[in-house]
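See below for the structure under consideration.
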Amino acid sequence: KKSSMTDLMIIGRSEKIAIEAKYTEVKEPIETISAWMTKTKSVDNKRKVLKHWIDIINPYLSCPLDESKIGEIQYQFLHRTASACYDNTGNAYVIYQIFYDGETEEKMSGFILSIEKSVKLISPIERLKFYVNTIEVELIKDIKEGQMILSELKKGYLYKFKEGVFYEIS
């Protein structure tokens, strides 16, 4: 088994919170389950992985997921949801922490819309909730090629973070 690549997982007594942070990734095309399944030759293994994720998530849904109807769901959405539900008898939460700037703001809307469609498609029950937190960032200091980010951070701030907007996707 391979561990999830969730950016941050908070495990409480009766809940798990999977936090997925995004910034420049929202500019990239969204990888769907269909695209993920056809990307390599290991389709049989991917079918097993997908079935495993669905089995983990199903107790948190109003009706079982139909594998044939989830092709347009974000691959990463399903994986993070399975991570939050795995080995969990309590509540599961998936939070998308999205940082954006002038260059990524427009693409961010499409990314969030894809998450909203995925939530509607899987039809979660009350124990599984999805949230988005958007925060605008402003670059204060440009990093030149060859500069080490950590050493520049030690010298001062690279970004200014503006007030965020946090909301539930239902």
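Pick out which of Y75, Y131, Y159 has the largest mean-square fluctuation in a Gaussian network model of the chain, springs linking Cα atoms closer than 10 Å. Answer for the Gaussian network model of the chain: Y159.
Within the P(r) computed for segment 85-170, what percentage of the Cα pairs occupies the region above 22 Å? Cα-Cα pairs in segment 85-170 separated by more than 22 Å: 46 percent. Based on protein heavy atoms only, the chain ends up with 62 Å² per residue of surface accessible to a 1.4 Å probe. GNM remark for the chain: springs join alpha carbons under 10 Å apart, and the peak mean-square fluctuation among P59, P124, P29 falls on P29.
Using the structure shown, list the pairs from K22/K162; K69/K120; K39/K120; K16/K129; K27/K117; K22/K117 with a Cα-Cα distance above 20 Å, or answer none.
K39/K120
Computed over neighbours whose Cβ is under 12 Å from that of Q76, the net charge equals -3, Lys and Arg +1, Asp and Glu -1. When the trypsin sites (Lys or Arg not before Pro) in segment 1-75 are filtered for DSSP coil states and for at most 12 other beta-carbon atoms within 10 Å of their beta-carbon, the remaining sites are K1, K2, R13, K39, K41.
Once Rg and the Kirkwood radius are both taken over the C-alpha atoms of segment 1-155, their ratio Rg/Rh works out to 1.02. Relative contact order (percent) for segment 1-78, with alpha-carbon contacts under 8 angstrom and 6 or more residues of separation? Relative CO of segment 1-78 lands at 29 percent. Which residue fluctuates the most in the chain, going by a Gaussian network model with Cα springs under 10 Å, if the choices are G156, G102, G110? Its mean-square fluctuation being the largest, the pick is G156.
In loop segments of segment 70-107 as defined by DSSP, the GluC sites (Glu not before Pro) with at most 13 further C-beta atoms inside 10 Å of their C-beta are E103. With all protein chains present, how much of the accessible area of the chain (probe radius 1.4 Å) comes from carbon and sulfur, to the nearest whole percent? Heavy-atom surface of the chain belonging to carbon and sulfur, 1.4 Å probe: 54 percent. Dipole of the chain computed with +1 at Lys/Arg Cβ and -1 at Asp/Glu Cβ about the Cα centre; of T24, M5, Y167, farthest Cα towards the positive end is M5.
The values are calculated or read from the model by the stated rules, or taken from the named source; none is laboratory data. What you are looking at is a predicted structure, and each value in this text was computed from that prediction instead of being measured. Neighbour counts are summed over all protein chains in view; Cβ atoms, including those assigned to glycine, are modelled from backbone coordinates with ideal geometry. With ligands, DNA and RNA removed, areas are computed over all heavy atoms of the protein, side chains included. Shrake-Rupley method; radii C 1.70, N 1.55, O 1.52, S 1.80 Å.
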